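**Student:** Attaching a single structure in structure tokens format; questions to follow.
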Amino acid sequence: MHKHVDWDDPGADSVMRHFEKDTSGHHSDPGPGDILSARHEGAIVRIKVEAYVEDTSIGEVVALIATDNGRRMKSHGKLNLGDTVRLPDASRALEPQPRHTDDDGDDPADEH
């Protein structure tokens, strides 16, 4: 049985928007074993695809990651590691880039 999830809108991090801009044609549908990302209640959710049907991936939640500190979680809200979920292509999200620090530990983006 699949757990129903209300996925966050990926906004600017939408995978589908990214592929719309990609004119190289290197986009393919997800397949078994692929790892996809989405957002749920602000957390990053990674799903290992088991099947792909009608623009929706079905798979197991293999990671739940806090976006503020990168901490791995066993559960987030009603979602748990190991749950089987459905992820529509429209809800897939690129993962945020990690913040880089310079040699003294400061974030260069904070320097203006």
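**Student:** Which condition breaks for Met73 when tested against (1) touching a Ser or Thr at 6+ places or on another chain (Cβ under 8 Å); (2) at pLDDT 95 or above?
**Tutor:** (1)
**Student:** Looking at Ala38, Ala51, Ala90, which is the one that is touching a helix residue (DSSP H, G or I) at 6+ places or on another chain (Cβ under 7 Å) and modelled with pLDDT of 90 or more?
**Tutor:** Exactly one of Ala38, Ala51, Ala90 is touching a helix residue (DSSP H, G or I) at 6+ places or on another chain (Cβ under 7 Å) and modelled with pLDDT of 90 or more, namely Ala38.
**Student:** In the range 80-93, which residues are farther than 18 Å from Ala51 by Cβ and either within 14 Å of the chain's Cα centre (by Cα) or outside any strand (DSSP E or B) (or both)?
**Tutor:** Leu81, Ala93, listed by residue number.
**Student:** May I pose another question? Residue by residue through the range 50-74, note down the ones that are assigned to a strand (DSSP E or B), of a type in the set (D, E, K, R) and farther than 17 Å from Trp7 by Cα.
**Tutor:** Within the range 50-74, Glu50, Arg72 meet the criteria.
**Student:** Does Val45 satisfy being surrounded by 12 or more Cβ atoms within 10 Å (Cβ to Cβ) and either β-branched (Val, Ile, Thr) or at pLDDT below 95 (or both)?
**Tutor:** On the way: surrounded by 12 or more Cβ atoms within 10 Å (Cβ to Cβ): yes; either β-branched (Val, Ile, Thr) or at pLDDT below 95 (or both): yes.
Against the criterion (surrounded by 12 or more Cβ atoms within 10 Å (Cβ to Cβ) and either β-branched (Val, Ile, Thr) or at pLDDT below 95 (or both)), Val45 qualifies.
**Student:** Another question, then. For residues that are among the small types (Gly, Ala, Ser) and either surrounded by 13 or more Cβ atoms within 10 Å (Cβ to Cβ) or free of Cβ contacts under 8 Å to residues at least 24 places away in the same chain (or both), scanning just the range 48-76, find the one that is farthest from Leu36 (Cα to Cα).
**Tutor:** My answer is Ser75.
The values are calculated or read from the model by the stated rules, or taken from the named source; none is laboratory data. Quick caveat, the model's predicted, so the values are computed rather than measured. For neighbour counting, all protein chains shown are included, and Cβ atoms are generated from backbone atoms with ideal geometry for every residue, glycine included.
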